[in-house]
Amino acid sequence: MKMSMEEYLDTHGYLTYRTAGRSMLPLLHQSRDLVTVKKKGQERCKVGDVVLYKRLPNAYVLHRVIEVLPDSYVILGDNCISKECGILDTDILGVMTECVRNGKQVRVSQPWYRGYTFVWLHTISVRTLVKRAWCWLRHKGA
């Protein structure tokens, strides 16, 4: 019998899997990169954490926390323009501790990764504006 991500995290405390989708580009590439997620404890997540959460009964999403509110989180994929609000601690299954990009292990504590996260968090508004404009121009040209 196949285990869900929740069951696996509950049993083992961590989960390593190959990414699906393009919402975390350029950090993570679909079907190429691996992520390791540690089961979330009682502590609150921090801005910049990449979290695995359950969106629907069987839909799991790996996106970045961009804002911590008293009772919830605002989350956004690195390649997305629509923020997800109202994500609760109970929705979050785990927090990414490392990834393997192009065969190279990257821990979230490494300076390269911390620098990437800093830049990514501080350019959200500009990136979102540029991406919306690009989408609008592509739609107008079609």
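Every number here is computed from the coordinates shown, using simple stated rules; none is lab data. Worth saying up front: this structure is predicted, and the values here are computed from it rather than measured. Cβ sites come from the backbone with ideal geometry, for glycine too, and all protein chains shown count toward neighbours.
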Shape of segment 62-142, Cα gyration tensor, a/c cut at 1.5
oblate
Which residue fluctuates most in the GNM of the chain (Cα springs below 10 Å): Gly103, Gly48, Gly13?
Gly103
Which length gain, in nm to one decimal place, applies between Gln110 and Arg44 when the Cα-Cα distance is subtracted from 0.36 nm times their residue separation?
21.6 nm
Please give the contour-minus-distance gain from Asp89 to Val130: 0.36 nm per residue of separation, less the Cα-Cα distance, rounded to one decimal in nm.
11.6 nm
For the chain, what is the number of Lys pairs with C-alpha distance below 20 angstrom, counting only pairs 8 or more positions apart or on separate chains?
13
Once you charge only the Cβ atoms, +1 for Lys and Arg and -1 for Asp and Glu, what is the size of the charge dipole of the chain about its Cα centre, to the nearest 20 debye?
700 debye
Positive-end residue, segment 1-112 charge dipole about Cα centroid, Cβ charges, pick of Ile87, Gln110, Gln42
Gln110
